[in-house]
Amino acid sequence: MKPLRLAVWSGPRNISTAMMRAWENRSDCAVVDEPLYAHYLAYTGLDHPGREEVIASGETDWRKVAARLTGPVPEGKPIWYQKHMTHHLLPHIGREWLAALRHVFLIRDPREVLLSYIRSRPNVTADDIGVLQQLEIFEYVREASGITPPVIDAGEFLQAPESQLGALCAELGVDFTARMLSWPPGPRASDGVWAPYWYEAVERSSGFEPYRERDRNVPPPYQDIVAAVMPAFESLYARRLRPRGRTR
């Protein structure tokens, strides 16, 4: 059977790494962590933690990355989970190769993302939140394939991980397994070299964090960013996956 190459698109400060852990804990799934990151840093010149190490360890030619992601699946496994940050898919990168993948979009309220982001990086733009790019990729994939990709809202997901994962697996045509709900703590060989800078909480985890209400009161200097990205978020949120029995 044709393998399922699953591209999961998220912005920053989301549950994307925990979701990668969940899929990697399946015996039938390989994972790859942010394969476009090295190209993104090399092309933009941005100074991220571990920048030179990321570039040295990754592939800076996006065409080679695309060829790899659409090529043979590691270890011949039937599922290949590809964790992507939406802002890594820069405008100059071709989109045609996306047709060989199935796509899932992992969203989070931009106000929560922004408040988390500015705790460590006060200089932020609308593009940094990743939602505008997320909607652009979503619309491209939907129009090119004729299929509306699943959208997972992180807040709703954390309230009911089992039902959300069950619904997502059903949408993708794969069997759900309870192995996706928990995993051994610690680092993974599959983690990007940037893990020491960003994955401390995930490395301590053995499952998805319990849901809790988050602050959404964004300070006035950042209100323009919220205004710029909320329409894109609301468009994606309206299309979110709702497991049976959840109607709100």
Note to self: What's the number of the only condition in (1) assigned to a helix (DSSP H, G or I); (2) at pLDDT 95 or above; (3) under 25 Å from Val54 (Cα atoms) that Met180 fails to meet?
What the structure shows: (3)
Next item on the list: Would you check if there is a residue in segment 38-48 being under 29 Å from Asn123 (Cβ atoms), charged (D, E, K, R) and out of contact with any Phe, Trp or Tyr (no Cβ under 9 Å at 6 or more places or on another chain)?
Entry: yes
Next item on the list: Of all residues in segment 99-140, count the ones that are of a type in the set (Gly, Ala, Ser), surrounded by fewer than 21 Cβ atoms within 10 Å (Cβ to Cβ) and within 17 Å of Pro231 (Cα to Cα).
Entry: 1
Item checked: Qualifying positions in segment 135-151 - among the hydrophobic types (A, V, I, L, M, F, W, C) and either part of a helix (DSSP H, G or I) or at pLDDT below 95 (or both) -> Leu135, Ile137, Phe138, Val141, Ala144, Ile147
Item checked: Of all residues making up segment 122-134, the number that are in a loop (DSSP other than H, G, I, E, B) and either within 20 Å of the chain's Cα centre (by Cα) or of a type in the set (Ser, Thr, Tyr) (or both) -> 3
Next item on the list: Determine whether segment 66-89 contains at least one residue that is β-branched (Val, Ile, Thr), over 27 Å from Ser120 (Cβ atoms), surrounded by fewer than 20 Cβ atoms within 10 Å (Cβ to Cβ) and touching a Pro at 6+ places or on another chain (Cβ under 6 Å).
Entry: yes
Notebook entry, point to check: Tell me, which helices (runs of 4 or more DSSP H) lie completely within segment 195-248 with 1 or more residues that are of a type outside the set (D, E, K, R) and touching a Pro at 6+ places or on another chain (Cβ under 6 Å)?
Noted result: 195-198, 223-237
Check: Condition test on Gly155, is it out of contact with any helix residue (DSSP H, G or I) (no Cβ under 6 Å at 6 or more places or on another chain) and farther than 30 Å from Gly50 by Cα?
Finding: no
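Regarding segment 1-11, can at least one residue be identified that is small (Gly, Ala, Ser) and at pLDDT below 95?
Taking segment 1-11 and keeping what is small (Gly, Ala, Ser), we get 7, 10-11.
Those left that are additionally at pLDDT below 95: 11.
Checked against the condition, which is being small (Gly, Ala, Ser) and at pLDDT below 95, segment 1-11 yields at least one hit.
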Note to self: Which condition from (1) among the hydroxyl-bearing types (Ser, Thr, Tyr); (2) surrounded by fewer than 18 Cβ atoms within 10 Å (Cβ to Cβ); (3) in contact with a strand residue (DSSP E or B) (Cβ under 8 Å, 6 or more places away or on another chain) is the one that Thr44 breaks?
What the structure shows: (3)
Next item on the list: Please verify whether segment 214-234 includes one or more residues that are touching a residue at least 12 places away in the same chain (Cβ under 8 Å), among the aliphatic types (A, V, I, L, M) and in contact with a strand residue (DSSP E or B) (Cβ under 6 Å, 6 or more places away or on another chain).
Entry: no
Notebook entry, point to check: Which numbered condition trips up Ala178, out of (1) of a type outside the set (Asp, Glu); (2) surrounded by 12 or more Cβ atoms within 10 Å (Cβ to Cβ); (3) touching an Asp or Glu at 6+ places or on another chain (Cβ under 9 Å)?
Noted result: (2)
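Tell me whether segment 40-48 contains one or more residues that are closer than 21 Å to Phe105 by Cβ and under 18 Å from the mean Cα position of the chain (by Cα).
Yes, some residue in segment 40-48 is closer than 21 Å to Phe105 by Cβ and under 18 Å from the mean Cα position of the chain (by Cα).
Here's the yes/no breakdown for (1) in a helix (DSSP H, G or I); (2) modelled with pLDDT under 95:
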| site | (1), (2) |
| --- | --- |
| Asn14 | no, yes |
| Arg26 | no, no |
| Ala42 | yes, no |
| Leu46 | no, yes |
| Arg68 | yes, no |
| Pro72 | no, no |
Check: Exactly one of (1) under 16 Å from the mean Cα position of the chain (by Cα); (2) under 24 Å from Ala42 (Cα atoms); (3) part of a helix (DSSP H, G or I) is unmet by Ser190. Its number?
Finding: (3)
Next item on the list: Mind listing whichever residues of segment 199-220 are within 22 Å of Asp109 (Cβ to Cβ) and crowded, with 16+ Cβ neighbours inside 10 Å?
Entry: Val202, Ser205, Phe208, Val218
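The values are calculated or read from the model by the stated rules, or taken from the named source; none is laboratory data. These numbers come from a predicted model, not from an experiment. Reconstructed Cβ throughout: ideal geometry from the backbone, glycine too, with neighbour counts over all protein chains shown.
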